[in-house]
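Colleague: Okay, here's the structure, questions in a sec.
Taken together, the values in this text are just the output of simple stated rules run on the coordinates, not laboratory data. Owing to the predicted nature of the structure, the values given are computational and were not obtained by experimental measurement. All Cβ positions, glycine included, derive from the backbone under ideal geometry; neighbour counts span all protein chains shown.
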């Protein structure tokens with residue numbers, strides 16, 4: 001079930017519920033600033049953590065809001081290289097709900113249809 005605009009708490013979510021972010025441009029400037037800030041060299045490909053940061057930013061300012069109080073961590077797996085100039089978006093899916101804990105799976109896809117990053121986050125919900 002695709003989630004529409006709104007704020008969702010623990011009782012509002014079910015496994016399989018999902019939503020996508022808007023497309024985000026991965027600009028050469030963003031890559032350069034991320035590398036300068038973190039010391040992570042970009043080379044020819046974009047660091048997966050930058051992709052995660054861009055998509056998370058789009059999620060936080062998007063129409064679907066998750067009522068999370070605390071992020072308990074990410075597990076991030078790079079899947080395919082991405083170059084500056086690519087557009088990406090995130091698709092979040094509820095994969096677990098247990099005692100106030102939400103597990104969200106994330107797939108970051110490119111405008112070419114490739115999966116660039118897969119990740120999983122655990123959040124404490126209100």
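Colleague: Based on the Cβ-Cβ distance of residue 105 and residue 60, what FRET efficiency does E = 1/(1 + (r/R0)^6) give at R0 = 30 Å, to the nearest 0.05?
Modeller: Working: r = 18 Å, r/R0 = 0.59.
The value I calculate is 0.95.
Colleague: Counting only C-alpha contacts under 8 Å and six or more residues apart, can you give the relative contact order of the chain as a whole percent?
Modeller: 32 percent
Colleague: Extending each Cα 7 Å along its Cβ direction at residue 70 and residue 45, get the distance between those two points in nm, one decimal.
Modeller: 3.5 nm
Colleague: So what is the calculated 222 nm ellipticity per residue for the chain, using -39500 (n - 2.57) for each DSSP H run with n of 4 or more, over all residues, to the nearest 500 deg cm²/dmol?
Modeller: Details: 2 runs with 24 residues, N = 126.
It lands at -6000 deg cm²/dmol.
Colleague: Also, quick follow-up: How do 110, 103 line up, fewest other C-beta atoms within 10 Å first?
Modeller: 103, 110
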